[in-house]
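Engineer: I'd like to ask you about the structure that follows.
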Amino acid sequence: MVTEAPYKVLLVNAPVLGVLEPWYDSPDFGRPSLAYIAAYLREHDNFSIQIIDAKLEKLGFNEVLERALLYKPQIIGFTAFTNEIKPCAYQAALIKEKLPEAIMVVGGPHLTALPADTLREFPSFDIGVVGDGEVTFLELCRSLRQNSPIDQIAGLVYRHSVLGIKQTPFRTRIADQDSLPYPAWDLFPKANTYFVQASRGCPYQCVFCMNHNGRIARTRSVQQVVNEIRWILDTYQPEWIRFGDELWSVDIDRSCELLEALLAIGFGDRVKWDMTTHVNFVNDRLFELLKKNKVTTVEMGVETGDDQALKQMGKATNRSMILNAFEMAKKHGVPTGALLLLGQPNESIQSIRHTIDLAVEINADLPLLGIMVPFPGTEVAKMAAAGEGGYRLLSTNWDDYNKHPGNALEFTSISRTRLELLQMWGYVNIFLRNGRLVDMLRFLWTYRGAAWATLRKVMTPGRGVTDIRTIPADYDQKINAGAEVSAIRLIESRGEWNTVQVNEAKKYKLSQRKVLDS
Ligand code: B12
Ligand code: SF4
């Protein structure tokens, strides 16, 4: 009897060009997207699956190539945020050269924001998976295994031999998050930190955020989240658990219920943990339970201290809500992180001063003061590309799209270098005006990679961070540099993404109404 060899799928988190931001570039955790895709695939079919997480395993491009050649997969799936897409395309090109038959698939927020443009820009990718990847990728792998057409699979962008780049309709998102299996962490080396996703999506529409998981927050049941956490704790004994939700307490009652259940399993005694939420979604009861669960940090989006900017941001907050949330946390002894972003639309020195003053007043344990990045699909990207909001778009080279040592935009009235100096000035103010010299030194040590990169950039304006990275000699040639996405496409793609979001919300409302009517 002849047994058919299993169809092989490889999932890759590509290497970095240099460790600029160690907590991202040299992480102590595996990439959740790949863990989810792999888990779903193996639950529903019998593909052979391997994962190479080059960032977790600290691998270079050639090491990934060697591992891919040993495995000889038929399909290779890559994941990428915007700032990772070029190294990812380079890795795909290296592998494609040696394994020309393998199909290169890419997914993640960047591809979702710019589906056709990404295939146009990077010839090494054959197919893109737009939005939620689990079901689409399963259907795609099955079709490719059978050599059957893929044009009926929703959520794809692909190269058609005659018609050029084609995109199929956006796939309806997976509403029932409990239907997803636990991430396949067993396919990764053991890590220190594990991400848990208790919900996907967020109802807000901040100007700087693409909200790629959609405007409908899809929560998982308390019981399932607790079971997953217990499984991670028992199997991997991690040091940290981090929630990857956009808005962790989107349903405060459910979050309180979750915290009660976590208390019962001694969660906070077994692991450090953190999450990110919105200042409107907290109350005394929540903070009381967070404290009991010994949460390590509760991060909340502050973004700016300027009233006008807050009004126009799409986050539905104001200074008093922000101050109130942080005061409440302090009252309960809950450690906080404040996420701030310099470079809001129409930013001025005056509005930056308001932001720094608010950050000083909040005095969060962990202040994080980033500089705006015009990620594709966002309103800010559209404004920057159109020269609105005082912005000047500096680059559509995605290697410049890091939040700390990035180089993607500046203002006509505030240069990039000045923005970076103000960022440093902001940190100094937050710590020193609160008499926290030791905390500042500790912070500088923890974030020394980014601090050093920013300092070097400020001292050598115009050079960006390229001199801190090691760019392979054939990098530009292999990834087709020069075919960068135009400003016009950045403007149009915001409109296209917004249409997807609006249609999705309408469809959801309609389905809710049907449920109520029946
Ligand atoms: C947790 C998190 C982090 C963590 C961990 C990230 C990591 N390396 O794993 C930390 C805090 C370190 C982090 C850092 C950054 N993050 Co972050 N992060 C998130 C967050 C909150 C959750 C990500 C997640 O795990 N989601 C759960 C998984 C299952 O969803 P997913 O990744 O989207 O994957 C699904 C689909 O996209 C698709 N898919 C993805 N990959 C693939 C691959 C294949 C082959 C297929 C078929 C499908 C597919 O299928 C998946 C399952 O449905 C998201 C927002 C969010 N809630 O998603 C932001 C988010 C992804 N981060 C973002 C950014 C910008 C960053 C930073 C660049 C910040 C910065 N420096 O500016 C860094 C870069 C990190 C790096 N280089 O690794 C942006 C990305 C925007 C963009 N266009 O790229 C997001 C969307 C936040 C936002 N709203 O702006 N982040
Ligand atoms: S609240 Fe957070 S996740 Fe939601 S749209 Fe704003 S930045 Fe994005």
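The values are calculated or read from the model by the stated rules, or taken from the named source; none is laboratory data. These numbers come from a predicted model, not from an experiment. Positions of Cβ are generated from backbone atoms using ideal geometry, with glycine treated the same way; all protein chains shown enter the neighbour counts.
Engineer: Looking at A191, A198 in this structure, which one is within 13 Å of ligand 1 (Cβ to nearest atom) and either surrounded by fewer than 19 Cβ atoms within 10 Å (Cβ to Cβ) or over 28 Å from E504 (Cα atoms) (or both)? If you could, list the steps in order and put the result at the bottom.
Structural biologist: Numbers: A198 fails: either surrounded by fewer than 19 Cβ atoms within 10 Å (Cβ to Cβ) or over 28 Å from E504 (Cα atoms) (or both).
Just one listed residue meets the conditions, A191.
Engineer: Something else: Tally up the residues in segment 242-260 that are within 15 Å of K294 (Cβ to Cβ) and surrounded by fewer than 16 Cβ atoms within 10 Å (Cβ to Cβ), please.
Structural biologist: Residues that pass the stated criteria total 1.
Engineer: Another one. Which residue pairs have Cβ atoms under 7 Å apart, sit 6 or more places apart or on different chains, and have a first residue in segment 134-146 that is surrounded by 18 or more Cβ atoms within 10 Å (Cβ to Cβ) and a second that is of a type outside the set (S, T, Y) and part of a helix (DSSP H, G or I)?
Structural biologist: Close Cβ pairs satisfying both conditions: E134/I37; F137/I37; F137/L41; L138/L41; L138/H44; C141/L41.
Engineer: Could you please find all residues in segment 353-366 being within 17 Å of D306 (Cα to Cα) and buried (at least 21 other Cβ atoms within 10 Å of the Cβ)?
Structural biologist: Just the residues of segment 353-366 that are within 17 Å of D306 (Cα to Cα), to begin with: 353-363.
Residues satisfying the conditions are T355, I356, L358, A359, I362.
Engineer: Considering segment 302-345 alone, what residues qualify as being closer than 20 Å to A408 by Cβ, within 13 Å of ligand 2 (Cβ to nearest atom) and in contact with a strand residue (DSSP E or B) (Cβ under 6 Å, 6 or more places away or on another chain)?
Structural biologist: E303, L339, L340, L341
Engineer: Check off (1) free of Cβ contacts under 8 Å to residues at least 60 places away in the same chain; (2) within 20 Å of the chain's Cα centre (by Cα) for G30 and give me the number that stays unchecked.
Structural biologist: With (1) free of Cβ contacts under 8 Å to residues at least 60 places away in the same chain; (2) within 20 Å of the chain's Cα centre (by Cα) applied to G30, the lone miss is (1).
Engineer: So, in segment 214-235, of the ones that are buried (at least 17 other Cβ atoms within 10 Å of the Cβ) and free of Cβ contacts under 8 Å to residues at least 40 places away in the same chain, which residue ends up farthest from ligand 2 (Cβ to nearest atom)? Before you say what the answer is, go through the steps one by one.
Structural biologist: Of the residues in segment 214-235, the ones buried (at least 17 other Cβ atoms within 10 Å of the Cβ) are 214, 216-220, 222, 225-226, 228-229, 232-233.
Then keep just the ones that are free of Cβ contacts under 8 Å to residues at least 40 places away in the same chain; that gives 217, 222, 225-226, 229, 233.
Numbers: A217: 9, V222: 21, V225: 19, V226: 24, I229: 22, L233: 27 Å.
Step by step, filter segment 214-235, then rank; the result is L233.
Engineer: Can you pull out every residue in segment 268-301 that is in contact with a Gly (Cβ under 7 Å, 6 or more places away or on another chain), under 29 Å from V207 (Cα atoms) and away from ligand 2 (no atom under 16 Å from the Cβ)?
Structural biologist: Matches in segment 268-301: T297 only.
Engineer: Just checking, how many residues over segment 256-280 are over 19 Å from P367 (Cα atoms) and within 16 Å of ligand 1 (Cβ to nearest atom)?
Structural biologist: Matching residues across segment 256-280 total 0.
Engineer: Report whether or not P109 is within 16 Å of ligand 2 (Cβ to nearest atom) and out of contact with any strand residue (DSSP E or B) (no Cβ under 7 Å at 6 or more places or on another chain).
Structural biologist: Working: within 16 Å of ligand 2 (Cβ to nearest atom): yes; out of contact with any strand residue (DSSP E or B) (no Cβ under 7 Å at 6 or more places or on another chain): yes.
Yes: the conditions hold for P109.
Engineer: Considering every residue within segment 281-301, establish whether at least one is away from ligand 1 (no atom under 16 Å from the Cβ), closer than 25 Å to I356 by Cα, modelled with pLDDT of 95 or more and buried (at least 17 other Cβ atoms within 10 Å of the Cβ). Please lay out each step first, then the result.
Structural biologist: To start, the set of residues in segment 281-301 that are away from ligand 1 (no atom under 16 Å from the Cβ) comprises 282-295.
From the residues that got through so far, the ones that are closer than 25 Å to I356 by Cα too are 282.
Keeping just the survivors that are modelled with pLDDT of 95 or more gives 282.
The next check asks that each one be buried (at least 17 other Cβ atoms within 10 Å of the Cβ); those that pass are 282.
Scanning segment 281-301, I find at least one residue that is away from ligand 1 (no atom under 16 Å from the Cβ), closer than 25 Å to I356 by Cα, modelled with pLDDT of 95 or more and buried (at least 17 other Cβ atoms within 10 Å of the Cβ), so the answer is yes.
Table: residues versus (1) under 29 Å from P376 (Cα atoms); (2) within 14 Å of ligand 1 (Cβ to nearest atom).
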position: A5; (1), (2): no, no
position: V12; (1), (2): yes, yes
position: L17; (1), (2): yes, yes
position: P32; (1), (2): yes, yes
position: A39; (1), (2): yes, yes
position: S48; (1), (2): no, no
position: G60; (1), (2): yes, no
position: L70; (1), (2): no, no
position: N83; (1), (2): yes, yes
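Engineer: Could I ask something else about it? What are the residues in segment 48-91 that are polar (S, T, N, Q) and surrounded by 20 or more Cβ atoms within 10 Å (Cβ to Cβ), if any?
Structural biologist: Kept after step one, since they are polar (S, T, N, Q), are these residues of segment 48-91: 48, 50, 62, 74, 79, 82-83, 91.
Of everything in segment 48-91, those that are polar (S, T, N, Q) and surrounded by 20 or more Cβ atoms within 10 Å (Cβ to Cβ) turn out to be T79, T82, N83, Q91.
Engineer: Within segment 378-391, is there a residue that is crowded, with 22+ Cβ neighbours inside 10 Å, touching a Ser or Thr at 6+ places or on another chain (Cβ under 8 Å) and within 27 Å of D274 (Cα to Cα)?
Structural biologist: Checked segment 378-391: no residue is crowded, with 22+ Cβ neighbours inside 10 Å, touching a Ser or Thr at 6+ places or on another chain (Cβ under 8 Å) and within 27 Å of D274 (Cα to Cα).
Engineer: Related question: For segment 356-368, name all the residues that are of a type outside the set (D, E) and touching a strand residue (DSSP E or B) at 6+ places or on another chain (Cβ under 6 Å). Outline the logic, then answer.
Structural biologist: As a first pass, look at segment 356-368 and keep what is of a type outside the set (D, E): 356, 358-360, 362-364, 366-368.
Matches in segment 356-368: A359, I362, A364, L366, P367, L368.
Engineer: Can you name the residue in segment 1-43 that is in a loop (DSSP other than H, G, I, E, B) and small (G, A, S) and is also farthest from F443 (Cα to Cα) among such residues?
Structural biologist: We begin by selecting, within segment 1-43, every residue in a loop (DSSP other than H, G, I, E, B); these are 1-7, 14-21, 26-28, 30-31.
Next, only the ones that are small (G, A, S) stay: 5, 14, 18, 26, 30.
Working: A5: 52, A14: 28, G18: 21, S26: 18, G30: 24 Å.
Residue satisfying both the conditions and the ranking: A5.
Engineer: Looking at D178, D151, which one is in contact (Cβ under 8 Å) with a residue 24 or more places away in the chain and either within 16 Å of ligand 2 (Cβ to nearest atom) or of a type outside the set (S, T, N, Q) (or both)? Give the steps one after another, and end with the answer.
Structural biologist: On the way: D151 fails: in contact (Cβ under 8 Å) with a residue 24 or more places away in the chain.
Answer to the selection: D178.
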